[in-house]
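> Structure below; questions to follow.
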Amino acid sequence: MSIALVTMSHSPLLDYNDPAPEVKAEVDAAFATACDFVADFDPTLVVSFAPDHYNGFFYDLMPPFCIGYEALGVGDYGTAEGPLDVPTELAERMAEWVAERDLDVAISRRMEIDHGAVQPLEILFGGIDAVPTIPVFVNGVAKPFVKMARVRRLGEVIGSFLATLDDERVLVVGSGGLSHDPPVPQWATATEPQRALLLNGRHPTAAARDARQQRVIDAGRAFAADSTATSMRDLNPEWDTALMDVLASGDLSPIDAMDPAQMAVDAGNSAHEVRTWVAAFAALGAAGPYTVRSRYYRPIREYIAGFGVMTAR
């Protein structure tokens, strides 16, 4: 078994709100570096840690973690719609391994995933079914949030399972974050129509999806024009780079002290998506020491994201 890692921010606005040309060129170069890294590694299996944005998981039943035995993209923001190539028997074995090590994890035989999981697969592989992929949902938007130590433990246990796969080259992917506070409704302050979406907004009409997406696109443009004129928290480069430093160090224990409520204050309500990075790095570290091969970061308001990309072996 050999294992490698790519973590990256995602943004539904990548194809809708372009930053300055030189910034766009930087992002494209960071993606190209990650793609070259992945092509050189030539994975036979992908384990994708990703959140959801009330497209596949809702408050009618919101687990902290879920392993997909089968999965399909919902097609939001122009991303791919349809099935992933999920190795079901291997996903079942992984879920059993996790359960046997005292971690409670949900499973899904029909997981629906959105741009948060799909976008990295499209960027790295050109499609969602190019490489066998086990999707692991990590809740990053819906309170209550489990402790960060629990997220780290999930990654470590999955990494220990991956270490048993002697004939596989495994790429772990963490998708999300970093600091960002997009216009995602919070249950405590949501209107009744918003609560209906948060409770069970599955399979919206095309018109409803387009209207929802346009609100986010417009919010991103307003945020880029004047971040002080919106209700969204500004990006926090210091917080982002400090977290990336910890992840690169190989010692993830400082992450255990991160408080979920304070994370939202410091880096925005959707900063909880960094849980996917933590799980991915913990999985990599469970197989042994690692080194970071590439690292990119820039706060990009047009994407409503502290935007980062890292690779490691």
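> I'd like the distance between the alpha-carbon centres of the range 186-203 and the range 243-313, rounded to an integer number of Å.
28 Å
> Tell me, what ³J(HN,Hα) does each residue in the range 78-86 have, in order and in whole Hz, if you take phi through Karplus 6.51 cos²θ - 1.76 cosθ + 1.60 with θ = phi - 60° and put x for Gly and Pro?
x, 7, 5, 10, x, x, 8, 8, 9
> Shifting gears a bit: Counting only residues 5 or more places away or on other chains, whose amide H sits under 5 Å from the amide H of Met111 once H atoms are built in the peptide plane?
When sequence neighbours closer than 5 places are left aside, the close amide H contacts are Tyr69, Glu70, Ala71, Leu72.
> Then there's this: How large is the charge dipole for the chain, taken about the Cα centre, if only the Cβ atoms of Lys, Arg (+1) and Asp, Glu (-1) carry charge, to the nearest 20 debye? Let's see the in-between values first.
Working: 24 positive and 43 negative charges, 120 e Å.
In total the dipole reaches around 580 debye.
> Starting from the Cα gyration tensor of the chain, take the square roots of the eigenvalues, sort them a ≥ b ≥ c, and report rounded, prolate or oblate (rounded when a/c is under 1.5, otherwise prolate if a/b is larger than b/c, else oblate). Can you show the working numbers first?
Working: a/c = 1.40, a/b = 1.24, b/c = 1.13.
Rounded, since a/c falls under 1.5.
> Out of His53, His115, His272, any idea which swings most in a Gaussian network model of the chain, alpha carbons joined below 10 Å?
Among His53, His115, His272, the largest GNM mean-square fluctuation belongs to His53.
> Right, another one. I need the phi-derived Karplus couplings for the range 158-165: 6.51 cos²θ - 1.76 cosθ + 1.60, θ = phi - 60°, integer Hz, Gly and Pro marked x.
3J(HN,Hα) across the range 158-165, in whole Hz: 5, x, 5, 5, 4, 5, 8, 8.
> So which residue, out of Leu72, Leu165, Leu198, gets the largest mean-square fluctuation from a GNM of the chain using Cα contacts under 10 Å as springs?
Checking each option, the largest mean-square fluctuation is seen for Leu165.
> Moving on to the next point. Applying the Karplus parametrisation 6.51 cos²θ - 1.76 cosθ + 1.60 with θ = phi - 60° to the phi angles of the range 24-33, what ³J(HN,Hα) value in whole Hz is obtained for each residue in order, glycine and proline being reported as x?
4, 5, 4, 4, 4, 5, 5, 5, 5, 4
> Which one of Pro193, Pro299, Pro87 has the biggest mean-square fluctuation once the chain is modelled by GNM with Cα springs under 10 Å?
The residue that fluctuates most here is Pro193.
> Determine the shape class of the range 11-101: with a ≥ b ≥ c the square roots of the Cα gyration tensor eigenvalues, call it rounded for a/c under 1.5, and otherwise prolate if a/b is greater than b/c, oblate otherwise. Let's see the in-between values first.
On the way: a/c = 2.41, a/b = 1.47, b/c = 1.64.
Taking the square roots of the gyration eigenvalues as a ≥ b ≥ c, the range 11-101 is oblate.
> Quick one: which residues, 5+ away or cross-chain, put their amide H under 5 Å from the amide H of Arg293? H built at 1.01 Å from N.
Distant-sequence amide H within range of Arg293: Thr311, Ala312, Arg313.
> Arranged by the count of other C-beta atoms within 10 angstrom, fewest first, what order do Asp40, Asp114, Asp234 take?
Details: Asp40 10, Asp114 23, Asp234 17.
Going from sparsest to densest Cβ surroundings: Asp40, Asp234, Asp114.
All of the numbers you see were taken from the coordinates with simple rules; none came from a lab. Treat the numbers as computed from the prediction; the structure is a model and nothing was measured. Cβ atoms come from the backbone with ideal geometry, glycine included; neighbour counts cover every protein chain shown.
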